[in-house]
Amino acid sequence: MSEKRIIVTGASSGIGEAVARHAVARGWQVLAVARRAERLEALAADIGCEVLAADLTDEGDIARLAEAAAAFRPTSLVQVAGGAKGAAHLAETTIEDWRWMFESNVIAAKRVIDAVLPLLRASTRPSEGAPGGYAEIMVVTSIAATVAYAGGSGYNAAKSAEKQLVDVLRLELHGEPIRVMEVAPGMVWTEEFSLVRFEGDRAKADAVYKDVQDPLSADDVAQVMTDILALPGHVSIDETIIKPVAQTHPWMVHRGPLVAKG
Ligand SMILES: NC(=O)c1ccc[n+]([C@@H]2O[C@H](COP(=O)([O-])OP(=O)(O)OC[C@H]3O[C@@H](n4cnc5c(N)ncnc54)[C@H](OP(=O)(O)O)[C@@H]3O)[C@@H](O)[C@H]2O)c1
């Protein structure tokens, strides 16, 4: 691939924003997508990327994304947008929160892939001045996609469905020059993820990371993601699990300093 042109969704904060920053720093072109236009504009002014304010759960906005994407001519899609709502036990969770999580993690991914896949296919074909080559789709799921935890029901279910979508897509693109890769982070201390999950309750959000030595940062995850994207196009790192050392298992998080035994 001579020049990478990446659509990054969820680029107005956290992991997506960090991916956009790392990608531009590597000399790649970025179309940054999320709902909040003002945050995208600030990012564009800072790093020099293209932006599109769009709600990935809205059909009309997806049509606008397809249009902007066609003009952008992507070689790569990095689907980061998504999140969690609530941490109650299943019986106390609301259908509203479940619907939000399925809409923004699973159905949004399906909609974005529908809009962008034909363009990724086109980018692999040689055309005037461009040699074609490999394209790529990278989707951020979560370790919650494979390991259940009490209080995770709707998020576990949605991320697990998103993971299945990625696995199916990889099979269905068999024989095409498109790598399909999943990145499953553990605990990442981003500005907004837990705040969104706990409906703006700052104390609850901060408690998630309390006394954890070095939770992952958005920057750590973006570094790994862009390192993978920088590999030659035929190298498909199908699945990547990334956790902080303090999180030995999804629900085994060490609080306090990490100290060697013996
Ligand atoms: N933080 C963690 O511990 C962690 C761990 C594992 C996996 N993840 C996953 O990593 C991804 C990013 O998480 P994060 O920590 O960076 O959280 P974040 O800061 O809350 O980022 C979520 C991003 O998604 C965008 N978004 C949400 N709904 C959208 C919609 N309907 N249409 C368009 N954009 C939408 C948000 O932007 P707007 O609000 O501007 O639309 C924001 O840019 C999510 O898929 C999350 O599930 C996070």
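Every number in this text was worked out from the coordinates using simple rules, so none of it is lab data. Just so you know, these numbers come straight off a predicted model, no measurement behind them. Heads up, the Cβs are rebuilt from the backbone with ideal geometry, glycines too, and the neighbour counts pull from every protein chain shown.
In deg cm²/dmol, rounded to 500, what helix-only [θ] at 222 nm does the chain give when every DSSP H run of at least 4 residues adds -39500 (n - 2.57) and the total is split over its residues?
Result for the chain: -12500 deg cm²/dmol, rounded to the nearest 500.
If each residue's Cβ is checked for other Cβ atoms within 10 Å, how do Ser127, Ser217 rank with the fewest at the top?
In order of increasing Cβ crowding within 10 Å: Ser127, Ser217.
Could you state the orientation-averaged shadow area of the convex hull built on the Cα atoms of segment 61-103, in nm² to one decimal?
It is 4.0 nm².
For segment 121-262, state the semi-axes of the equivalent ellipsoid (square roots of 5 times the eigenvalues of the alpha-carbon gyration tensor), sorted largest first and rounded to whole angstrom.
Equivalent ellipsoid of segment 121-262: 34, 17, 14 Å, largest first.
Ratio of segment 41-154's C-alpha Rg to 2.2 N^0.38 Å, to two decimals?
Normalised Rg, Cα atoms only: 1.30.
Using the Kirkwood radius over C-alpha pairs as Rh, can you work out the diffusion coefficient of the chain via Stokes-Einstein at 20 °C, viscosity 1.002 mPa s, in µm² per second?
114
Could you put Ser153, Ser142, Ser12 in order, starting from the residue whose Cβ has the fewest other Cβ atoms within 10 Å?
Fewest to most other Cβ atoms nearby, the residues stand as Ser153, Ser12, Ser142.
If the limit is 19 Å between Cα atoms, which of Lys4/Lys243; Lys159/Lys210; Lys204/Lys243; Lys85/Lys159 go over it?
Beyond 19 Å: Lys4/Lys243; Lys159/Lys210; Lys204/Lys243.
Contact order normalised by length for the chain, with contacts defined as Cα pairs under 8 Å and 6 or more residues apart; what percent is it?
19
Return a whole-number percent for the relative contact order of segment 1-103, with Cα pairs under 8 Å and 6 or more residues apart as the contact set.
So the answer I get is 29 percent.
Report the Cα centroid-to-centroid distance between segment 1-37 and segment 98-170 in angstrom, as an integer.
The two parts, judged by their Cα centres, are 16 Å apart.
Along the charge dipole of segment 5-253, which of Ala115, Gln223, Ser127 sits closest to the positive end, that is, farthest toward it, with unit charges on the beta carbon of Lys, Arg, Asp and Glu (+1, +1, -1, -1)?
Of the candidates, Ser127 comes out farthest on the positive side.
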